Amino acid sequence: MKNIIFIAPPAAGKGTQSDLLVKKYGYEHISTGDLLRAEVASGSEFGEEISEIMNSGRLVSDEVVTRLLENKLSTVSEPYIFDGYPRNMAQADILENLLKKLNKGECTAIYLDVPEDEATRRSTGRLSCPKCNRSYHKYNEATRPKVEGKCDDCSADLISRDDDTEETFRKRYQTYVENTSPLLDYYQDKGMLYVIHNPIDPNITLEEIETVIK
Ligand code: ADP
């Protein structure tokens, strides 16, 4: 299995696809957003600073995120999913060097091409499990929880993320366009990019992903 780098606007479904790939193929899911949220949940002063940045829709510094990524990488084995990293060109260089240094296998960059209005709609219906991190969407029949407000896997009460308000979402989207979307040309030029157009059904999207990771 190839390692995966997901590139997509916020709320496009990277977390949902990652959950499916972890369950089916044993991928290690490395989400820098989850790593940052764990830091925030620890209640440290540093976590408070990070929380302010995340809730404003901006990016946390490359240095902080890269340190969290490196720590996580040292505890897991391939195949990996990079979800939310790289998020700018500097991070793409850092990741390339890191994978070379660690002598890791091939990556494929998968772009979930979701238009802005659809991503906005998804972000406002998004719910996640605070215990196992599984994500749900209350407006999507295929991904809504079986029992309203409860995780299918561990029955915990589902929560909305603090940064999933419409206002923060707009800023996150703008940050994505400015900082992250240049990665599409970068990976295209390297022949590493695979595009999934307007992914709607998670299981069909998974089938498309399966054609490129095997
Ligand atoms: P989404 O993909 O829905 O935007 P994430 O959970 O990936 O959500 O990220 C949430 C927030 O965490 C981002 O808006 C940003 O502030 C921060 N973040 C996550 N990954 C990175 C990264 N690689 N570099 C900088 N900031 C990041």
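Data overview
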| item | result |
| --- | --- |
| Given (1) over 15 Å from the mean Cα position of the chain (by Cα); (2) at positive phi, number of the condition Ile204 does not satisfy | (2) |
| Count - residues of region 1-10 that are in a loop (DSSP other than H, G, I, E, B), within 22 Å of Val212 (Cα to Cα) and within 10 Å of the ligand (Cβ to nearest atom) | 2 |
| Helices (runs of 4 or more DSSP H) completely within region 19-81 that count 2 or more residues being away from the ligand (no atom under 13 Å from the Cβ) and exposed (fewer than 15 other Cβ atoms within 10 Å of the Cβ) | 45-55 |
| Residues of region 72-104 satisfying the condition of being on the phi > 0 side of the Ramachandran plot and of a type in the set (S, T, N, Q) | Asn103 |
| Lone qualifier among Tyr85, Tyr111 - being over 17 Å from Val22 (Cα atoms), buried (at least 19 other Cβ atoms within 10 Å of the Cβ), away from the ligand (no atom under 12 Å from the Cβ) and touching a residue at least 40 places away in the same chain (Cβ under 8 Å) | Tyr111 |
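FYI, it's all coordinate maths here, none of it is from the lab. Everything numeric here is computed off the predicted structure, so don't read it as measured data. When we count neighbours, we look across all protein chains shown, and the Cβ atoms used for this are built from the backbone with ideal geometry, even at glycine.
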